[in-house]
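The values are calculated or read from the model by the stated rules, or taken from the named source; none is laboratory data. Just so you know, these numbers come straight off a predicted model, no measurement behind them. Here the Cβ positions follow ideal geometry from the backbone for every residue, glycine too, while neighbour counts run over all protein chains shown.
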Amino acid sequence: MTKISIGMSLQSGAWGGGNQFGKALTQYLGDQGERVSHDLEDRDLDIILLAEPDARLRISAYDHRDILLYLLLKNPNAIVVHRINNTSEARDDLAKTFNHYRIHANQIADHTVFVSQWVKDRYLESGFNRLRPWSVILNGGDHHLWQPGEPPQKKQEKLLKLVTHHWSNHWNKGFDVYQQLDRLLADPQWAERIEFTYIGRVPKDFHFERARLIEPLSGEALAQELRRHDAYITAARHESGGNHNLEAGLCGLPLLYLDSGSMVEYCNGYGIEYTPETLEAKLEEMLQTFPQWAARMVGFPHTAQRMCQNYHDLFQQLLAQRPRILAQRRWLRRIPWILSTLTKKNRPPP
């Protein structure tokens, strides 16, 4: 039995993709017979997963400073894995303060997991040491919850029901494109062929004229609503490894997506890439080729089961190499970093 601490204070209800990840991994590891906690109380932990180094956030159970004190005072033999699942780019943080803070916190890690190749590249650009051990493990959704409904009817230029959903109302979620789609519906040639539903919150003073707006949903209610539609459109930009497109894909909805952030990594082969300039042409393509895409969605691979198994395999591999990993720890030789961390001079961005 391996003792694993996941540094997340798990929340009930709709709490975003990070919380879903923590719940899924906790459940999976427990089912595999591992002992899982969410604190640093146990004095002989084998694996510590740093999930959110900003301790001000409710989801964070502990930060890199807490891990450093644990290693110095309780147990130097625990292997530390740092999961990085977001970037400055998604926050319009031009100074890259968000990334730099996580690179500072990352010094405590023996191994880093990025949730997409795109995220890894953004951190390399921000100064992440490319020689440090790392992996890319893509996110996944709960295939027991997010699953297809009845097989869709064959469509030959008939009404295509499009949907998207977001918990956040940040403009980067793609509201310019959703507004563009809303305006298309003023054209009878489009209004007779497509519908568009938006589920979630919208920015202040933002209004749809023709699209259907539904208040935020979660869990089974959201899954049922997604399955009432035919295809999914996401205009999200700078997504590190978003869950909204995974939930739709697992529900069997072909995807329309931008080449932004990690979208190509997650969506390629299961839908059609578009740009704001090609939106109409790609909508037409989806109308014409919908049956082929709908049939392909049965093989959509991004499940939580697969994701969690990859983490479990990684933990086992790291423990098998524990003596070598401990001998190569770099932070032990970086006194300025230790002092900076312990005195909290390096603080999270505001």
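Details
- Residue satisfying condition, being free of Cβ contacts under 8 Å to residues at least 60 places away in the same chain and more than 17 Å from M286 (Cα to Cα), within set E209, E220: E209
- Total residues in segment 201-228 satisfying the condition of being under 16 Å from L162 (Cβ atoms) and among the small types (G, A, S): the figure is 1.
- Filter pass, R122 being surrounded by 20 or more Cβ atoms within 10 Å (Cβ to Cβ) and basic (K, R): yes
- Of the residues R43, R56, R102, the single one that is among the basic types (K, R) and not in a loop (DSSP other than H, G, I, E, B) is R102.
One line per residue, one yes/no per condition, for (1) surrounded by 16 or more Cβ atoms within 10 Å (Cβ to Cβ); (2) closer than 30 Å to A95 by Cα; (3) of a type outside the set (S, T, N, Q):
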| site | (1), (2), (3) |
| --- | --- |
| C251 | yes, no, yes |
| Y270 | yes, no, yes |
| E284 | no, no, yes |
| L287 | yes, no, yes |
| G299 | no, no, yes |
| R322 | no, no, yes |
| Q328 | no, no, no |
| L332 | no, yes, yes |
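- Scoring N77 on the criteria (1) in a loop (DSSP other than H, G, I, E, B); (2) buried (at least 19 other Cβ atoms within 10 Å of the Cβ) leaves a single failure, condition (2).
- So S5, is it part of a loop (DSSP other than H, G, I, E, B) and either over 23 Å from E220 (Cα atoms) or out of contact with any Lys or Arg (no Cβ under 6 Å at 6 or more places or on another chain) (or both): no
- All positions within segment 11-31 that are crowded, with 16+ Cβ neighbours inside 10 Å and either among the charged types (D, E, K, R) or part of a loop (DSSP other than H, G, I, E, B) (or both): W15, K23
- Against the conditions (1) over 25 Å from S88 (Cα atoms); (2) surrounded by fewer than 19 Cβ atoms within 10 Å (Cβ to Cβ); (3) in contact (Cβ under 8 Å) with a residue 12 or more places away in the chain; (4) charged (D, E, K, R), D259 satisfies every one except (1).
- The listed residue being assigned to a loop (DSSP other than H, G, I, E, B), over 20 Å from the mean Cα position of the chain (by Cα) and either of a type in the set (A, V, I, L, M) or in the same structural domain as A51 (by TED's automatic domain parsing) (or both), out of L131, L138, L162, L145: L131
- Total residues in segment 37-67, condition closer than 20 Å to A304 by Cα, surrounded by fewer than 19 Cβ atoms within 10 Å (Cβ to Cβ) and aliphatic (A, V, I, L, M): 1
- Some residue of segment 308-315 being closer than 21 Å to N245 by Cβ, of a type in the set (A, V, I, L, M, F, W, C) and in the same structural domain as D110 (by TED's automatic domain parsing): yes
- Total residues in segment 60-74, condition in contact with an Asp or Glu (Cβ under 8 Å, 6 or more places away or on another chain) and assigned to a loop (DSSP other than H, G, I, E, B): 3
- Residues of segment 260-313 satisfying the condition of being among the aliphatic types (A, V, I, L, M) and within 15 Å of the chain's Cα centre (by Cα): M263, V264, A304, M307
- So H82, is it surrounded by fewer than 22 Cβ atoms within 10 Å (Cβ to Cβ), touching a helix residue (DSSP H, G or I) at 6+ places or on another chain (Cβ under 9 Å) and closer than 28 Å to L246 by Cα: no
- Every condition in (1) free of Cβ contacts under 8 Å to residues at least 60 places away in the same chain; (2) more than 23 Å from L246 (Cα to Cα); (3) touching a Lys or Arg at 6+ places or on another chain (Cβ under 8 Å); (4) not polar (S, T, N, Q) is met by Y198 except one, and the failing one is (2).
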